[in-house]
Amino acid sequence: MPVAGCSFRRFQSRQCVYTQPWPDAGWAPQSADQEVLMGLMAGDARVAVRALRDWCGALGLTFVLPECKVPGVDSLAAVQGSVYVKYNSKSKVCYMSPYQGRDRGVLVQLAALQLGHFPLGFWDEARANPPPPMA
């Protein structure tokens, strides 16, 4: 049965994610030594951090607030414009930098398997979860 506020196509995608076995790339969410890389391209910092939080939660990964690597900006809340967030589950390195491209979405890499572009709001399409703190 589709989730309230969720299109049927996204519902089918979620069903596929939840019912299919883990990729043969060797990744399983309960294995701490496996590396998951994510790249998030968003129109602003708040959307990027919210998407990162939701994707980490859905994949069973530790959420890490990104370090701001935008020149001349000290805090994530002050970042203006499009951003790219890079996340590494193994090293817990996570940073935000300016992004000049037009693409928006999430790229996920599980060992040698790269997947994406997924929607930023894939796991919280209705934006029912409160946004995470930006500090």
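Just so you know, all these numbers are worked out from the coordinates, no wet-lab data involved. These numbers were taken from a predicted model, which means no experiment stands behind them. Counting neighbours? That spans all protein chains shown, and the Cβs are built from the backbone with ideal geometry, glycine included.
The 3J(HN,Hα) values that the Karplus relation (6.51, -1.76, 1.60; θ = phi - 60°) gives for the range 79-95 are, in residue order, 5, 10, x, 5, 9, 10, 10, 10, 10, 10, 5, 7, 8, 6, 7, 8, 9 Hz. Gly and Pro appear as x. Listed peptides 44-57, 106-119 appear in the order 44-57, 106-119 once ranked by packing, highest mean of other Cβ atoms within 10 Å at the front. One chain, two ends: ASN88 and ASP44. Fully extended at 0.36 nm per residue, the span grows by 13.8 nm beyond their Cα-Cα distance. Available extension along the chain between GLN100 and ALA77 is 6.4 nm, counting 0.36 nm per residue and deducting the alpha carbon span. In this simple spin-label model, placing a label point 7 Å from the Cα along the Cα-to-Cβ direction at both ALA126 and LEU113 gives a separation of 3.0 nm.
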